[in-house]
Amino acid sequence: MEHLLPTYQRREMEAVQASGSYVWDAEGKKYLDFMMGIAVCGTGHRHPHVEASIAEQLGKVWHMSNLFRISGQETVAEQLISGTHFKGAFFCNSGAEANEGAYKLVRKWTGRNRVVSFSQSFHGRTFAMMGATGQEKIKQGFGPMVEGFDHVSYNSFEALEAITEQTAAVWIELIQGEGGVILADDTWLDALMERAQRVGAKIVVDEVQTGIGRTGTRYAYESTPLIPDVVTLAKGLGSGFPVGAILAAQGAEEVFTPGTHGSTFGGNPLAMAAAKATLELLFDQSALEHIEETGRYLMDRLSKLKTPSIVDVRGKGLMVGIEMTEEVAPVIDALQHEGLLVAPAGPNVIRLLPSLFVTKEEIAQAIRMMEHVLEQKAGVRG
Ligand SMILES: Cc1ncc(COP(=O)(O)O)c(C=O)c1O
């Protein structure tokens, strides 16, 4: 790794094979993956339907400039938008890029340049999105941030006063993922929406982590009172193939006119083959019901874990956080040793983001591994 800039604190383990909910390392050790590339492989690893779709496209056209028609984009836009109030989609390659594009969109759309976002939020690593993000640790050392971001407390009614006639947009995750799996309150969202509409501010919902079925609906906003003007997507949209998207309500087509925004790779035929197959699998009533049901089962099983070090279990669908009294890094290492891959969400929260096709048996297996590790840890503390 000596030739890599050390931006990540990487684990040594490398997956050399993957299928469904499992990955294998070079020694042949099998792991149950409840992390899925941090909510990326929503359909599990190498879902055959997605693999076949990419393979088919591989034998046709890999890439064409956005100066040509790419009908795959029209298909995926239709899949993303049908049954919603959105009118148009723009394709890009990542969450930060989707958010950055949405930021340009709302600034030009409203002619305003202030954005209200929330403490503990995470929106990506570009300069504007570092500005939007409500976590100091990601900004340190980079000098002055992009101006115009007002950070206020999440779920606080008083904080809504920061939304004024100068506000271009309110930028929000409906479940703060990196911030610790924190859920927005519906009555608060109601008030937020009322306030934003009153002052003419757009609502941008960052669904990079919560979108594409993760919480049991196509988009997390669908189970809340919020009606966003813009939604940003990435992670789960391509099952592991890099795809991002902006969905925008009526009016955006007069803002994002030719020459105003672009992305060389955005929406290329391979990416669209991955996204099309992913959405065929996940934007399906029975798949969404499965996510709800297995999510309930997971929460129920977790809440019965008899460990005093667990303070709270929270989440929606298959995006679940376990808050602990202790630092979770050693617990996560021990779980990996046991054969279960999970992600942190801040220092005290373990985040579970399994395949959206996870089975109850796989959940039961994960619970057994957690029980074993937590019992061992409790035993050591004695
Ligand atoms: C809510 C949210 N927004 C934006 C991002 C940034 O996405 P990307 O890493 O694809 O740029 C993330 C990544 O974790 C995220 O969770």
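Structure above, values below:
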| quantity | calculated |
| --- | --- |
| Verdict on Ile350 being open to solvent by less than 10 Å² (accessible area, probe 1.4 Å) and without any contact (Cβ under 8 Å) to a residue 60 or more places away in the chain | yes |
| Selected residue (criterion: most open to solvent (accessible area, probe 1.4 Å)) from residues of region 28-60 that are in contact with a Ser or Thr (Cβ under 7 Å, 6 or more places away or on another chain) and assigned to a loop (DSSP other than H, G, I, E, B) | Arg46 |
| Residues within region 223-269 that are without any contact (Cβ under 8 Å) to a residue 40 or more places away in the chain and within 27 Å of Gln197 (Cα to Cα), tallied | 4 |
| Of all residues in region 90-136 being in contact with an Asp or Glu (Cβ under 7 Å, 6 or more places away or on another chain) and in a helix (DSSP H, G or I), the one that is surrounded by the fewest Cβ atoms within 10 Å (Cβ to Cβ) | Ala128 |
| Positions within region 246-289 being open to solvent by 50 Å² or more (accessible area, probe 1.4 Å) and touching a Ser or Thr at 6+ places or on another chain (Cβ under 9 Å), in sequence order | Thr264, Lys276, Glu280 |
| One residue from Glu371, Glu338 being of a type in the set (Asp, Glu), over 23 Å from the mean Cα position of the chain (by Cα) and not assigned by TED's automatic domain parsing to the domain that holds Ser309 | Glu371 |
| Residues (under 16 Å from Phe256 (Cα atoms) and free of Cβ contacts under 8 Å to residues at least 24 places away in the same chain) located in region 50-76 | Leu67 |
| Test: residue in region 137-154 that is among the polar types (S, T, N, Q) and exposed (fewer than 15 other Cβ atoms within 10 Å of the Cβ) | yes |
| Tally, over region 202-218, of residues that are part of a loop (DSSP other than H, G, I, E, B), more than 13 Å from the ligand (Cβ to nearest atom) and either open to solvent by less than 10 Å² (accessible area, probe 1.4 Å) or on the phi > 0 side of the Ramachandran plot (or both) | 2 |
| Among the residues listed as Gln197, Gln176, the single one being assigned by TED's automatic domain parsing to the domain that holds Ser82 and in contact (Cβ under 8 Å) with a residue 12 or more places away in the chain | Gln176 |
| Qualifying residue in region 123-145 (condition: under 17 Å from Gly211 (Cα atoms), within 16 Å of the ligand (Cβ to nearest atom) and within 19 Å of the chain's Cα centre (by Cα)) | yes |
| Output for region 1-27, where each listed residue is loosely packed, with under 12 Cβ neighbours inside 10 Å and either in contact (Cβ under 8 Å) with a residue 40 or more places away in the chain or among the charged types (D, E, K, R) (or both) | Glu2, Arg10, Arg11, Glu12, Glu14, Glu27 |
| Region 228-263, subset in a loop (DSSP other than H, G, I, E, B) and within 14 Å of Leu80 (Cβ to Cβ), residue farthest from the ligand (Cβ to nearest atom) | Ala249 |
| Which numbered condition Ala277 fails, given (1) in a loop (DSSP other than H, G, I, E, B); (2) in the same structural domain as Ile54 (by TED's automatic domain parsing) | (1) |
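The values are calculated or read from the model by the stated rules, or taken from the named source; none is laboratory data. Note that the structure is predicted; figures quoted are calculated from it, not measured. Here the Cβ is made from the backbone with ideal geometry for all residues, glycine too, and neighbour counts use every protein chain on show. All accessible areas refer to the heavy atoms of the entire protein, side chains included, with ligands and DNA or RNA removed. Shrake-Rupley method; radii C 1.70, N 1.55, O 1.52, S 1.80 Å.
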